[in-house]
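The values are calculated or read from the model by the stated rules, or taken from the named source; none is laboratory data. None of these values were measured; they are calculated from a predicted model. Because the Cβ atoms are built from the backbone with ideal geometry, glycine has one as well, and the counts that use them run over all protein chains shown. Please note that ligands, DNA and RNA were not included when accessible areas were found on the heavy atoms of the full protein model with its side chains. Shrake-Rupley method; radii C 1.70, N 1.55, O 1.52, S 1.80 Å.
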Amino acid sequence: MPASCHLYPCRSDNYGVLVRDEATGKVALIDVPEEMATREAIEETGWAPTHIFITHHHADHIDGVGGIRSSYDVEVVGNAADAHRLPRLTHAVNPGDTVMLGETAFEIIDTPGHTVGHIAYVAREEKLAFVADTLFAMGCGRMFEGTPEQFHASLQKLATLDPETDIYCGHEYTAANARFAVAMDPDSSTLADHARQIEGLRAAGMPTVPTKLKTELAFNPFLRAKDVADFARLRAAKDNF
């Protein structure tokens, strides 16, 4: 049976996600950016969490972990290499490991760049990828700790997933990212059309997440970077856009 996802907004522009394995009813929270918004999402869906999958150590992704943990018996999963900066883990993982949520298998992919300990959770069979702040719709995260080589390699790993994969990222930055993409490629009419669709969604108060990997391969300038130097040029340009 497939897995179901419930996206919910929190903080100023974050997204949290609940993922439910339909075969067993087990539920994972992908990060916990904020306790109260997460509790409301749990109440709305009726999906009591059994797991928390942490992607990286930034406060806007882990602030609510302690509060949720006080109310639910959850397994807390995170990168063993970054455990010293994460809430107390019950299951420390390494790149290449597989974590089971009931019958749904999540592969741990090492995605340094935004932070050096950032990981993504990928359910290949279900075509789901929870990438937090590595890959955004039409963009990528700021390079706070990693190197251009690391970040470019991380994006290239994600680019090899099935093009039909749903990409769940950690923030609603898509409209601003689209404006940058258009500025970098002003002659593309298809890109301009896509950017207008994004503006329309945001004007209507609709989320732009999840996005399909095939859409990002077509329009995301960071996935389309020719090499590390091109990625570094684009990242620097976006930092000052």
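Among the residues of region 31-77 satisfying the criterion of being within 17 Å of residue 122 (Cβ to Cβ) and out of contact with any helix residue (DSSP H, G or I) (no Cβ under 9 Å at 6 or more places or on another chain), which is surrounded by the most Cβ atoms within 10 Å (Cβ to Cβ)?
Across region 31-77, the extreme among qualifying residues is 53.
Hey, among the residues in region 90-115 that are surrounded by fewer than 18 Cβ atoms within 10 Å (Cβ to Cβ) and touching a helix residue (DSSP H, G or I) at 6+ places or on another chain (Cβ under 8 Å), which one's nearest to residue 70 (Cα to Cα)?
Within region 90-115, the match that is nearest to residue 70 (Cα to Cα) is 92.
Would you call residue 9 at pLDDT 95 or above and over 21 Å from residue 85 (Cβ atoms)?
Yes: the conditions hold for residue 9.
Do you know which residues across region 217-235 are in a helix (DSSP H, G or I), open to solvent by less than 60 Å² (accessible area, probe 1.4 Å) and either among the small types (Gly, Ala, Ser) or within 21 Å of residue 17 (Cα to Cα) (or both)?
The answer is 218, 232.
State which residue is most open to solvent (accessible area, probe 1.4 Å) when the search covers only region 8-30 and only residues that are in a loop (DSSP other than H, G, I, E, B), on the phi < 0 side of the Ramachandran plot and among the small types (Gly, Ala, Ser).
This residue is 12.
Just one of 63, 31 is touching a residue at least 40 places away in the same chain (Cβ under 8 Å) and acidic (Asp, Glu); which is it?
31 is the lone residue from the list that is touching a residue at least 40 places away in the same chain (Cβ under 8 Å) and acidic (Asp, Glu).
Counting only residues that are β-branched (Val, Ile, Thr) and touching a Phe, Trp or Tyr at 6+ places or on another chain (Cβ under 8 Å), how many does region 191-241 have?
Going through region 191-241 one residue at a time, the tally reaches 1.
Pick from 144, 180, 151: which is at pLDDT 95 or above, of a type in the set (A, V, I, L, M, F, W, C) and touching a Gly at 6+ places or on another chain (Cβ under 6 Å)?
151
Determine whether residue 238 is among the basic types (Lys, Arg), surrounded by 14 or more Cβ atoms within 10 Å (Cβ to Cβ) and closer than 19 Å to residue 119 by Cα.
Answer is no for this residue.
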